[in-house]
Amino acid sequence: MIRHIVLLKARPEVTEAHISDIFADLAAIRDKLPGVLAIHSGRSESPEKIERGYLHGFTVDFTDWDALAAYQDHPDHKRVGAALVAAAQGGLDGILVFDLPC
């Protein structure tokens, strides 16, 4: 399994409702692509409070690297990705991606 982890540092003017809409759009991808096991998203509730501005994020669990590659090439992923970049502080600089083999 591959866990795809994405953290977002949103621009100050981006509303919680807008981020929720992006995450809802992301969640719909699960039913469109084989190999997507789970998608979880939301705002950090960490008691440590060391998010460094990356207050929103999501994970997508894939069966394998091929499923992740299919997700990356899918037009819905590209659309959601563009919305995330537009919402991020500094564009792509406001997004962290980490892929963890589990």
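Taken together, the values in this text are just the output of simple stated rules run on the coordinates, not laboratory data. Just so it is clear, the model here is predicted, and its values are computed rather than measured. Because the Cβ atoms are built from the backbone with ideal geometry, glycine has one as well, and the counts that use them run over all protein chains shown.
Sorted fewest first by neighbouring Cβ atoms within 10 angstrom, 45, 16, 51 come out as 45, 16, 51.
Applying 0.36 nm per residue to the separation of residue 39 and residue 66 and subtracting their alpha-carbon distance, the gain on full extension is 8.0 nm. Taking the fewest neighbouring Cβ atoms within 10 Å as the starting point, the ordered list for 32, 49 is 49, 32.
Taking other Cβ atoms within 10 Å as a rough exposure proxy, 19, 29 sort from fewest to most as 29, 19. If one computes P(r) from the Cα atoms of the stretch 1-63, what percent of pairs lie at distances over 19 Å? The share of Cα pairs beyond 19 Å in the stretch 1-63 comes to 36 percent.
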